[in-house]
Amino acid sequence: MNGYQAINNYESLSVLTGKMREASMQGNWDQLIGLEQQCSQHIEAMKPVDAVVALDEAARQRKIHLIKRIMADDAEIRNRTEGWMEQLQNIMSSNHQEQRLQHAYTIRY
């Protein structure tokens with residue numbers, strides 16, 4: 001594999017994380033989860049290739065730019081999903097408390 005193909009992998013990863021960011025902005029959690037799975041698979045496929053390909057200076061700079069964009073997308077996704085995760089946690093906690101109350105009520109009566 002050459003440097004062009006390695007950079008193409010980062011370009012593809014950047015497209016995926018951009019789609020993930022858009023899904024999180026739209027609150028499309030199912031799509032986000034599916035894209036996250038694709039992203040994980042893509043990263044695993046990239047690792048062995050990325051470890052052995054030597055890049056020239058221009059390709060190295062492009063790789064840095066893409067990594068920064070991927071990280072910015074990741075930060076935005078995390079920012080948007082934290083609220084959603086908090087809501088889920090509250091719902092689950094509320095359901096657990098309700099179940100405990102029902103169980104306690106059933107035992108006493």
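Overview of results
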{"read-out": "Residue match in the range 34-43 (condition: out of contact with any Pro (no Cβ under 6 Å at 6 or more places or on another chain), surrounded by 12 or more Cβ atoms within 10 Å (Cβ to Cβ) and in contact (Cβ under 8 Å) with a residue 40 or more places away in the chain)", "value": "no"}
{"read-out": "Close pairs from the range 54-78: first over 13 Å from residue 6 (Cα atoms), partner charged (D, E, K, R), Cβ under 7 Å, at least 6 apart", "value": "73/21; 76/21; 77/21"}
{"read-out": "Residue list for the range 21-33, restricted to those being without any contact (Cβ under 8 Å) to a residue 40 or more places away in the chain and surrounded by 13 or more Cβ atoms within 10 Å (Cβ to Cβ)", "value": "22, 23, 28, 31"}
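To keep it simple, each residue is scored yes or no on (1) crowded, with 16+ Cβ neighbours inside 10 Å; (2) in a helix (DSSP H, G or I); (3) not β-branched (Val, Ile, Thr).
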residue	(1), (2), (3)
17	yes, yes, no
48	no, yes, yes
54	no, no, yes
58	no, yes, yes
61	no, yes, yes
73	yes, yes, yes
83	no, yes, yes
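The numbers here are math on the coordinates, done by the rules we state, and not lab data. Please read these numbers as outputs of a predicted model, since none were measured by experiment. Backbone-built Cβ (ideal geometry, glycine too); neighbour counts: all protein chains shown.
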